[in-house]
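Here the structure comes first, spelled out in structure tokens, and everything after it is commentary.
The values are calculated or read from the model by the stated rules, or taken from the named source; none is laboratory data. Note that this is a predicted model, so its numbers are computed, not measured. In this analysis, Cβ positions are derived from the backbone assuming ideal geometry, glycine residues included, and neighbour counts consider all displayed protein chains.
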Amino acid sequence: MEKLTQDYLMQCLTYEPSTGKFRWNLPTSKRRICGAIAGSIDKHPDSGYVIIRINNKGYRAHRLVWLYVYGNLPHNQIDHINGIKTDNRIENLREATHGQNCMNRTAQKNNKSGYKGVCYMKKHNKWRARIGFNGMNIDIGLFNSAEEAALAYVNKAIELHGEFFRF
């Protein structure tokens, strides 16, 4: 099969909008049972997305949801609004640019301040707030506490990223 279409996808799978899960319509192998939940979580360390194999090609389930509901694969990335990579309910998905999708991330695991965009500047004995925007880092300022820096970060993030910002 050359290109996956909405019609073929609907022949293979049924999408449940309330759960975000797909179920097999066609038992295309011994391992696929009609009515069983389709897909598995990608084990790659940076992934965690649900992958569904159709005709020996792996597709991320959230992209298949888009095709199933809207009839086309998205032009950009798909953002999980609540940040849960396995929550593929259509109400939790939106098309986003790479930059918008990045803004919907939480603080990194190695973050020592506990706040996104905030780090301690030992040299100044202050907390720095910094945000990324259009491929550049913008310094927001130095603050006496991590909480003050975090508040400044949140205000700037809302200004720059609006609905795509998640703290």
- Mind listing whichever residues of segment 98-125 are surrounded by 17 or more Cβ atoms within 10 Å (Cβ to Cβ), outside any loop (DSSP other than H, G, I, E, B) and without any contact (Cβ under 8 Å) to a residue 60 or more places away in the chain? 118
- Message: I'd like the full set of residues that are out of contact with any Asp or Glu (no Cβ under 9 Å at 6 or more places or on another chain) and closer than 19 Å to residue 93 by Cα, limited to segment 14-39.
- Response: 14, 15, 16, 18, 19, 21, 38, 39
- Message: Can you find a residue that is part of a strand (DSSP E or B) and surrounded by 14 or more Cβ atoms within 10 Å (Cβ to Cβ) anywhere in segment 63-76?
- Response: no
- Item | Selection from segment 1-35 of residues that are surrounded by 12 or more Cβ atoms within 10 Å (Cβ to Cβ) and either farther than 15 Å from residue 68 by Cβ or modelled with pLDDT under 90 (or both) | 27, 28, 32
- In segment 23-34, the residues that are in a loop (DSSP other than H, G, I, E, B) and under 15 Å from residue 10 (Cβ atoms): 25, 26, 28, 34
- Taking segment 36-54 as the region of interest, how many residues are farther than 13 Å from residue 64 by Cβ and part of a strand (DSSP E or B)? 3
- Is it the case that segment 119-141 has a residue that's closer than 30 Å to residue 49 by Cα, small (Gly, Ala, Ser), over 21 Å from the mean Cα position of the chain (by Cα) and modelled with pLDDT under 95? no
- Note on the structure: Scanning segment 40-53 residue by residue, those of a type outside the set (Val, Ile, Thr) and closer than 20 Å to residue 90 by Cβ turn out to be 48, 49
- One residue from 42, 46 being modelled with pLDDT under 90, surrounded by fewer than 12 Cβ atoms within 10 Å (Cβ to Cβ), under 18 Å from residue 85 (Cβ atoms) and not small (Gly, Ala, Ser): 46
- Message: When you scan segment 57-71, do you find a residue that is of a type in the set (D, E, K, R), in contact with a Ser or Thr (Cβ under 9 Å, 6 or more places away or on another chain) and under 21 Å from residue 94 (Cα atoms), even just one?
- Response: yes
- Note on the structure: Within segment 130-158, residues in a strand (DSSP E or B), exposed (fewer than 14 other Cβ atoms within 10 Å of the Cβ) and touching a Gly at 6+ places or on another chain (Cβ under 9 Å) come out as 138
